[in-house]
Amino acid sequence: IVTTGTPHVIEQIVAQLDRMVLVHHVNDLTAFGPHIERELALVKVQDTGAYHDRALDLAEAGGAFVLHATDTSFVFEVTGTSAKIEAFITQMSAIGTVEVARTGIVAISRG
């Protein structure tokens with residue numbers, strides 16, 4: 001789980017999560033220094049029509065992978081920061097109808 005808040009709010013979240021039965025351990029990664037955050041999204045673009053090749057070009061430029069393709073739709077996998085995923089979704093929305101499934105942010109400390 002990745003969240004933001006004041007130090008007091010983070011302290012409360014950590015305490016509440018630690019009390020949950022199935023939680024084994026809770027770390028506030030900001031206390032350990034630099035960390036890496038990433039998110040995964042599956043993005044379906046339908047009705048690409050004349051923009052079929054443009055969708056492929058945007059996917060390649062955005063580092064997305066084609067998981068499924070037909071004449072009228074694509075399913076892309078894109079990973080990165082939330083900002084990168086939002087930008088990719090915005091670009092694809094200009095091409096056709098977009099359906100999105102996102103994992104939410106995951107994080108790990110550096111080093």
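The values are calculated or read from the model by the stated rules, or taken from the named source; none is laboratory data. On a predicted model such as this, the values are computed, not experimentally measured, just so you know. Neighbour counts run over all protein chains shown; Cβ positions are idealised from the backbone, glycine included. Just so you know, the surface numbers come from the protein's heavy atoms only, side chains and all, with ligands and any DNA or RNA stripped out. Shrake-Rupley method; radii C 1.70, N 1.55, O 1.52, S 1.80 Å.
Hey, with R₀ at 30 Å, roughly what FRET efficiency would Val9 and Thr79 work out to, going by the Cβ-Cβ distance, to 0.05?
Details: r = 28 Å, r/R0 = 0.93.
FRET efficiency, Val9 to Thr79: 0.60.
How compact and how long is the chain, expressed as Rg and Dmax of its alpha-carbon atoms in Å?
When restricted to Cα atoms, the chain yields Rg and Dmax of 18.1, 54 Å.
Using only the Cα atoms of region 3-61, what are the Rg and Dmax in Å?
20.1, 54
Taking only protein heavy atoms and a 1.4 Å probe, what accessible area per residue, in Å², does the chain have with all protein chains in place?
Working: 7570 Å² over 111 residues.
In whole numbers, the chain has 68 Å² accessible per residue.
Computing the accessible area with a 1.4 Å probe over protein heavy atoms, can you report the carbon and sulfur percentage for region 48-111?
Details: 2140 of 3910 Å².
Answer for region 48-111 is 55 percent, counting heavy atoms of protein chains only.
Evaluate the relative contact order of the chain (contact order divided by residue number), counting alpha-carbon pairs under 8 angstrom at least 6 apart; express in whole percent.
Reported relative contact order: 36 percent.
Say R0 is 35 Å: what FRET efficiency, to the nearest 0.05, do Gln16 and Ala61 get from their beta-carbon distance?
Working: r = 42 Å, r/R0 = 1.19.
So, using R0 = 35 Å, E works out to roughly 0.25.
Using the basic label-point model (7 angstrom from Cα toward the beta carbon), what is the Ala69 to Ile36 distance in nanometres?
Calculated label separation equals 2.8 nm.
Checking the a/c ratio against 1.5 first, then a/b against b/c, what shape does the Cα gyration tensor give for region 37-77?
Values: a/c = 2.60, a/b = 1.69, b/c = 1.54.
Prolate shape, in that a/c is at least 1.5 and a/b is the bigger ratio.
So what's the back-of-envelope 222 nm ellipticity for the chain, counting only DSSP H runs of four-plus at -39500 (n - 2.57) apiece and dividing by all residues, rounded to 500? Mind showing how you got there, number by number?
Numbers: 3 runs with 34 residues, N = 111.
For the chain, the value works out to -9500 deg cm²/dmol.
How are the C-alpha pair distances of region 59-111 spread across 5 Å bins, as whole percents from the shortest bin up?
P(r) for region 59-111, in whole percents per bin: 4, 16, 29, 26, 13, 6, 3, 2, 1.
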